[in-house]
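Each reported figure results from applying straightforward, stated rules to the coordinates on display, with no laboratory input. From a predicted model like this one, the values you see are computed outputs, not experimental measurements. Cβ sites come from the backbone with ideal geometry, for glycine too, and all protein chains shown count toward neighbours.
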Amino acid sequence: MSEPRTIRVKIADIRYDLDSTLDSAISKLQEHKRIHEADGFTDLEIDISPYDEYGSASVDVELYGFRMETNAEVEKRDAQEKATLRQAEANARRQYEALKAKFG
């Protein structure tokens with residue numbers, strides 16, 4: 001099993017937490033910080049993504065954080081990497097066999 005990596009994870013949609021008074025928004029952000037740091041997240045980030053929906057400007061405001069992969073996530077990633085490698089080798093083998101048949 002390979003070593004766990006630090007991964008970036010979407011934690012919450014916080015656009016409605018910020019749609020209030022400044023004191024309320026700050027309080028809600030501090031609560032998110034306290035809760036999610038206790039859950040092992042570090043380097044919390046606010047991601048703001050504006051978009052246009054049917055002529056109306058909107059914005060997504062999401063909270064992201066970094067944490068270490070769990071053992072299950074590492075095992076899943078390892079299995080996906082091995083499957084990708086096997087598929088690439090099978091494709092290379094098919095290409096080799098086709099060229100070998102064509103050119104001898």
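Some points to look at:
- FRET E, pair Ser24, Ser58, Förster distance 22 Å, beta-carbon r, rounded to 0.05: 0.55
- Working note: 222 nm ellipticity from helices only, DSSP H runs with n ≥ 4, each -39,500 (n - 2.57), summed and divided by the residues of the chain, gives -17000 deg cm²/dmol to the nearest 500.
- Pair Phe103, Thr6: separation of 7 Å Cα→Cβ label points (nm): 4.7 nm
- Where a label projected 7 Å from the Cα of Asp78 along Cα→Cβ would reach, residues of the range 1-30 with amide N under 13 Å: 1-5
- Rounded to 10°, Cα long-axis angle of helix 71-103 versus longest principal axis of the chain: 30 degrees
- In degrees, nearest ten, helix 22-38 long axis to first principal axis of the chain (Cα): 40 degrees
- Candidate values (1) 24, 14, 11; (2) 22, 19, 11; (3) 45, 22, 7 were compared with semi-axes √(5λ) of the Cα gyration tensor in Å computed on the shown model; the agreeing label is (3).
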